[in-house]
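Below is one structure, written out as structure tokens; the observations come after it.
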Amino acid sequence: MSTTTTRSDQPRRPRPGRAPSPVTVREIFRRLKQRFGPLDPPRRLDPLEELILTVLSQNTSDVNRDRAYGAMRVRFPTWEALADADPTELATSIRPGGLANIKAPRLLAILREIGEREGGRLDLAWMRGATSDRVSEYLTTLPGVGPKTAACVLAFALGRPALPVDTHVHRVARRLGFVDERTDAARAHQVMEELVPARLRVRMHVGLIRLGRTICRAGRPMCGVCPLQDLCPTAPSILGTNSKVNRPQSSG
């Protein structure tokens, strides 16, 4: 009597309610790299600089974030000057980044709290020698700082294997089956870091952001040109069950 075996060493579309297998996760990364080229993270910054820059990046584009940050540093060239800034003047300087009246008091509250914790010094260089758990605990207890911002500091300032889940990554992760619709961003960070190998996390973040910005966009995604369509549980409902599915060559 013959038996039928299921190949577990091939990437495949996860069944509803099931997360991608380790093989599929690696194939997702391979295809993202093939489609978008090297998935190198941004240049490494000082931890405090990365923290402030990440707060400014919320709900805006990289271009507008950089404009806001540049204008802010011209007006307030030191962290001490920034910490002593008038909220209205700070809001005016970061206006290009959007939500200035929300971000300005948030930045001032963060700097005030860091100064109190660090004996008046605005310096987080100690994080380079601290554990990731210690850094994350410190950051997420600052005013208005959540898991995504903490993960950005870990990944981009400290070179740690973190996977920040921003709006783009969260959306793509839901469509690919990493998380379901009920999973909030905080839980999504934990799930993604459990499913993605440490050595791939930062570059997977970069790849998923690029996919989310160019193809897997909010509203109607462009599944017809997506390199992951045959691995995506959401694609059939968008393409239609009779649509031709493009299957990029697998790595085997």
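The values are calculated or read from the model by the stated rules, or taken from the named source; none is laboratory data. Quantities reported herein were computed from a predicted structural model and do not represent experimental measurements. So basically every Cβ, Gly included, is an ideal-geometry build from the backbone, and we count neighbours across all protein chains shown. The area values use the complete protein model at the heavy-atom level, side chains included, leaving out ligands, DNA and RNA. Shrake-Rupley method; radii C 1.70, N 1.55, O 1.52, S 1.80 Å.
Some points to look at:
- Of A19, A218, A68, the one that fluctuates the most in a GNM where the chain has Cα springs shorter than 10 Å: A218
- Residue list for region 142-160, given a label point 7 angstrom along the Cα-to-Cβ vector of R117 and an amide N cut-off under 12 Å: 142-146, 150
- Shape category assigned to region 183-246 from the gyration tensor of Cα positions, a/c cut at 1.5: prolate
- Across region 1-137, counting alpha-carbon atoms alone, Rg and Dmax equal 22.2, 80 Å.
- Here the spin labels are modelled as points 7 Å beyond Cα on the Cα-Cβ line, and at A109 and R15 they lie 4.6 nm apart.
- Taking Cβ atoms as reference points and 13 Å as the exclusive limit, the residues near G97 contribute a net charge of +4, counting Lys and Arg as +1 and Asp and Glu as -1.
- Over the Cα atoms of the chain, the radius of gyration divided by the Kirkwood radius equals 1.04; this is the Rg/Rh ratio.
- Highest GNM mean-square fluctuation among P233, P38, P143, for the chain modelled with Cα contacts below 10 Å: P38.
- Fraction of accessible area attributable to carbon and sulfur, the chain (%, probe 1.4 Å): 50
- Residue of R199, R210, R175 that the Gaussian network model of the chain assigns the largest fluctuation, springs spanning Cα pairs under 10 Å: R199
- Other residues whose C-beta falls under 11 angstrom from the C-beta of R201 contribute a net charge of +1, scoring Lys and Arg +1 and Asp and Glu -1.
- Region 115-179: chymotrypsin sites (Phe, Trp or Tyr not before Pro) in DSSP coil with no more than 11 other Cβ atoms inside 10 Å: none
- Size-normalised alpha-carbon gyration radius of region 84-132, reference 2.2 N^0.38 Å: 1.38
- Residue-averaged 222 nm ellipticity for the chain, from DSSP H runs of 4+ at -39500 (n - 2.57), nearest 500: -15000 deg cm²/dmol
- Per residue accessible area of the chain, 1.4 Å probe, in Å²: 52
- Modelled label reach - I102, point 7 Å along Cα→Cβ, region 137-164 residues with backbone N closer than 14 Å: 144-146
- Charge sum, other residues only, whose C-beta stays under 12 Å from A68's C-beta, Lys/Arg counted +1 and Asp/Glu -1: +4
- Trypsin sites (Lys or Arg not before Pro) within region 11-117: DSSP coil, no more than 15 neighbouring Cβ in 10 Å: R18, R43, R44
- Potential extension, E181-V63 segment - 0.36 nm per residue separation minus Cα distance: 39.5 nm
- Centroid-to-centroid separation of region 92-124 and region 127-179 [C-alpha atoms, Å]: 19
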